[in-house]
Structure formats: structure tokens, C-alpha cells
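One structure below.
The values are calculated or read from the model by the stated rules, or taken from the named source; none is laboratory data. What you see is a predicted model; the values in this text were computed from it and never measured. Here Cβ is always computed from backbone atoms with ideal geometry, including for glycine, and neighbour counts include all displayed protein chains.
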Amino acid sequence: MSSSNIAAIWARVSTELQQSLDSQVSRAKSELEKKGYIVSPERILKVDWTSLDLFHCPEFQELRRWIQKKEIAALGILDRDRLNAIGLQRLIFLSDCRENGVELIICQGPPILDEPEGQLVELALAIGKERQVLRAQQGSRDALRERATVKGLPTTYQNPYGYYWDKTQSRLLADVNWETRALIVNLFLQGKTLKSIVKELFKRGVPSPKGREWWPEPTVSLILKDTINYGEYRALRREAVEPKQRRGATYGKTSSKHHQGITLSNIVVEKPIITKEQHDWILRRLEQNKLNAKRNSKRDYLLRSMIHYEGDNLRYYGVDIRHMSWAYKYIPRDRNKDNPRTYLPGRKLESVVEAKAREILTSDEVLERELGWRKVLIDESITKLEGQLRRLDRKWNENVNAESELVGLRIRGKVSDEPYHRQQTLLLTERRWVIEERGRVEEQLTKLKQDSVALVNLEGLRGQVEQKLASTEFADRRFILEALGTKVIVTTEGKVEVEFIVGGDRCQSDEIALNLPQNACLRY
């Protein structure tokens, strides 16, 4: 069979509302046969793929190979919008067809022009298609956001791991996996890492949510970050996005971006596992673990980036020195400039700083001052947010009154259609903003009130502090020092001092006695 009369058919859909693939093939085949072309089954390509990313479609690349190798003489498609929606990509594809003598048979719509003006027409049509697709995607996002902010409804009723929706779809009830969720959260609170939690789940024979033998660490991390753990349901916490790098033949938004989400206070979550304060600690711990994992050294240097030389405020960095113990070393900008303590002993310095931190944190006076300072700040913030809510309520009332007045003017014929619709759109936009802003302020207010209640229990706070200080985990020890704003200062006289931030104030300890000669790094 000569390739001079062989034709191919390209059929594509990306939504259920579009004409079916079989009907597209039937229409294109009929038009091709009228022109004397022959279409074999292996030359028919039917795909479910977005027009915004056809170059990553395997079937589309196969079609391009047929064209470039001149294996076909014609290509039938229902409509030109079945091709690329990206203007430049469409022009490249049409150029391939033209250079290799492939006739394009368009079943509906104007034919493709060969003149230079035809490229401008195709570019304009492709841009129009791209905008149409993007508008549809934006409309879908806006509808989901309005569903959560205005109607107070979840955007999806997918069951979170460990919970299921009741018949009214207003409550989340614990299911058989709740115990596993609680185990994961409590293990992390006890100082376990993600890797050790995965090993523990495997040891107990607990399958992952997808039924696999081993749990992926990102799945454990997402469960730990979920606000459902302390009884708060949030919508729109995940957004589908284009991946930075594709793995395999995929298209569209196959990757995810996580957001803070929108709190739906009308959704009741039964059997919360932890408190809001514990959840905040988990988030900080996860973030700190992530930073610690980026270190590029064999040893954990507890005080890295915390030691400064007073002479020019350059920092020391951790180093292993041959024939000597590990230490913190200082390199000045000016190599001729002398520092009375070029080296600081690692283990001894860290133990002294941790002892000072423990002394600060276990002092009744310090803890009470910390609680009092935080309580004042929280109370001031609550008052400020309550004032914002009152202002937003006034703005809402003003908006409603303005809309009522506008409707009255329209009924009396004092406002024409165009100004009426324009002003109504502005009022609606403002009202939506007020709703979203009020939700954000209420979310902050709820958090502050929960934090205020948590401050009351002084003994509970002491217990958490002591547990962290007693931990042998590097992340816990580092977390304590960072929370205190620790700063070790080497003075120009060679003395070593340490500062902490307690209750918003900088608290300077006495000089640290290392009992070492200047410019020395001794074994110990």
C-alpha cells in the first residue's frame, strides 16, 4: 500500500462534556474517505489529554513521527481545537505537516490557510483556546473557594485517614484506623523520627492507606501536619499544580502544593488526638528536622551559626581537626587580623551552653515572666482582632445598604444597565473580600484564644520543657537553643559569653569558664 493515500486520525478529549472519541473518529474517517484516503485501525489515535500540554503526550509524539517520516499523506481531525492550545506549539506542528506534505482535513470550522496570513489566524485561534481553558480552570478554583468561604461546605468529602463522614456530612467520626493515626502522632511527640515511625508501623504489620507493606514518609508527614489531629477541619489545603519535573508519560497538574487552608468551624471532628499547642510544636519540629537534614557534615554541630566574634561579628563554624578533637573555628575576613580565641572546644562548649539553657528554663521566676509576657501579647492581639471584626461587620452593613440603594435607583430608572451592573460587580467583590477577611481574622482569633488557655497550665509547660531538655535527640536539643535565641559571643578580650531571649528580653549569662589557654583547641 502506497503512503500517498494513507491517512491518520487524531481524536482528543479532556472533559466529559466534549464530543466522544468514537464520534470524532467516525466524522474524520468519513471526510478522509470522501477524498480517497485509506485509514487503517493502527493509524487511529484516541487520547484523553489536555490541549495545554500536548508535547508530553506519547500518542501525539507518535503522530509527529509519522508526519516527519512521511508515513502518512493526510490527517483528519474534528476541529482545530483538538490540536495544541499553545500558539507556538501549534505553529510548529502545522509547519511539520506543511513541510512533509501532509494534508490536514478539518471536519468543522474554517480550513487551514497556507498563506502567511494563515499562521496569524492559527496563532490567534490557539491563543483564544488557551485563554478559554485557563478561564475554565480559574472558574473552577473560584467556585471551590466560594463553596468553602461563603457556604461553609467542604470542597471534597474524601475521608481523612482515621475518620469518616457521617450521614449529615457535618461530622467526622473515628473509624478503625483512628488508633493508627493516634499512634503516629504520639510516637512523634515522644521524639521518634519519620523513619523510625515507618519502621514501627512495619514492625506492627500496619498497612499504609493504600494497602502497602511500608508507609511512605511523606504520608506520615501529611498526617502529622493535619489540623484534624486537634479537632479543626480545613478545606482547600491542597492545590494541584504542574510538577517541576515530570516522571513518565503524564500531563496536567500531577503535583501538589499545600496551603494553610480555610477553617470550617461548622464541621465537628470527634476524638481529637492532641491540643493546638502540641500541633504547633509538631509543625516546628518537622520544619527543624527538615533544616537539620540539609547539613553537610558528618557531625551534628549543635551551636552552628550561633557563635559570633565580637570583633567583626563573623560566625564560627564546626570543624574536625586532624590529631585534635572537633571544635568550632573562626576565619577572619582579614587573615592578618588576630582573634584571641580562634578555636573553641566543641563538646565542652556545647555542654556548658546547654547547662545554662536548662538553668534558665527550669527557673520558676523565668517561666512565670515568660508566661506573663506572652499573656500580655496575646490579650493585646485578641483586642486588636476583635476590633477588626467590628470594622468588618460595619463594612458589611455599609455594603448591603449600598446595594439596596443601588437596586432602588435602578427600579426608579435613575441608573442605566451598564453603570448598574458595574457597580453591582464592585459591591459583590467587596462583599466576598469581607467574608474572606472575616474568616481569616476569626481563624487568628480562635488560635490566640486557644493559646491563652494553654498558658494557664504552668506545670504542664514545665513538663514539656524538661522533656525536651532531657532528650538525646539532636533535633530536640537544637530546637531548645533556637527557641531561646541563643547567641554565644567571643569578646575581643577572649572571654566567652552566652545570651538568651526570655520573655522578649535578652538575658545575658555570666562569662563561660572554659579554662583553656587562648588560641588553643585541646583534647578532652
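Taking segment 438-486 as the search range and keeping residues that are hydroxyl-bearing (Ser, Thr, Tyr) and closer than 25 Å to GLY387 by Cα, which one is modelled with the highest pLDDT? Full working, then the answer.
Within segment 438-486, the first condition is being hydroxyl-bearing (Ser, Thr, Tyr), and the residues that meet it are 446, 452, 471-472, 486.
Filter once more, keeping what is closer than 25 Å to GLY387 by Cα: 446, 452.
Details: THR446: 79, SER452: 63.
Result: THR446.
Has segment 430-437 got at least one residue that is farther than 30 Å from TRP396 by Cβ, exposed (fewer than 14 other Cβ atoms within 10 Å of the Cβ) and either outside the structural domain of LEU406 (by TED's automatic domain parsing) or at pLDDT 75 or above (or both)? No, there is no match, as no residue in segment 430-437 is farther than 30 Å from TRP396 by Cβ, exposed (fewer than 14 other Cβ atoms within 10 Å of the Cβ) and either outside the structural domain of LEU406 (by TED's automatic domain parsing) or at pLDDT 75 or above (or both).
The residue that is farthest from LEU222 (Cα to Cα), among those in segment 165-180 that are part of a strand (DSSP E or B) and out of contact with any Leu (no Cβ under 7 Å at 6 or more places or on another chain), is ARG171. Per the listing ALA240, ALA235, the residue uniquely within 29 Å of ARG440 (Cβ to Cβ), small (Gly, Ala, Ser) and modelled with pLDDT of 65 or more is ALA235.
Taken over segment 178-198, residues that are without any contact (Cβ under 8 Å) to a residue 24 or more places away in the chain, over 21 Å from GLN288 (Cβ atoms) and under 26 Å from the mean Cα position of the chain (by Cα) amount to 1.
Every condition in (1) under 25 Å from the mean Cα position of the chain (by Cα); (2) at pLDDT below 90; (3) loosely packed, with under 15 Cβ neighbours inside 10 Å; (4) under 25 Å from TRP281 (Cα atoms) holds for LEU172 except the one numbered (3). The residues listed here are THR219, THR180; of these, the one that is hydroxyl-bearing (Ser, Thr, Tyr) and in contact with a Gly (Cβ under 8 Å, 6 or more places away or on another chain) is THR180. The number of residues in segment 289-327 that are part of a helix (DSSP H, G or I) and either among the hydrophobic types (A, V, I, L, M, F, W, C) or modelled with pLDDT under 65 (or both) comes to 2.
How many of the residues making up segment 257-271 are surrounded by fewer than 16 Cβ atoms within 10 Å (Cβ to Cβ) and either modelled with pLDDT under 85 or under 22 Å from GLY439 (Cβ atoms) (or both)? First the steps, then the outcome.
Step one: of segment 257-271, the residues surrounded by fewer than 16 Cβ atoms within 10 Å (Cβ to Cβ) are 257-260, 265-266, 268, 270-271.
So of that shortlist, the ones also either modelled with pLDDT under 85 or under 22 Å from GLY439 (Cβ atoms) (or both) come out as 257-260, 265-266, 268.
Within segment 257-271, residues that are surrounded by fewer than 16 Cβ atoms within 10 Å (Cβ to Cβ) and either modelled with pLDDT under 85 or under 22 Å from GLY439 (Cβ atoms) (or both) number 7.
In segment 413-428, the residues that are assigned by TED's automatic domain parsing to the domain that holds ASN399 and part of a loop (DSSP other than H, G, I, E, B) reach residues that are among the charged types (D, E, K, R) and surrounded by 10 or more Cβ atoms within 10 Å (Cβ to Cβ) with C-beta atoms within less than 9 angstrom, at least six apart or across chains, in these pairs: SER416/ARG410. Of all residues in segment 385-395, at least one satisfies being surrounded by 13 or more Cβ atoms within 10 Å (Cβ to Cβ) and in contact (Cβ under 8 Å) with a residue 60 or more places away in the chain.
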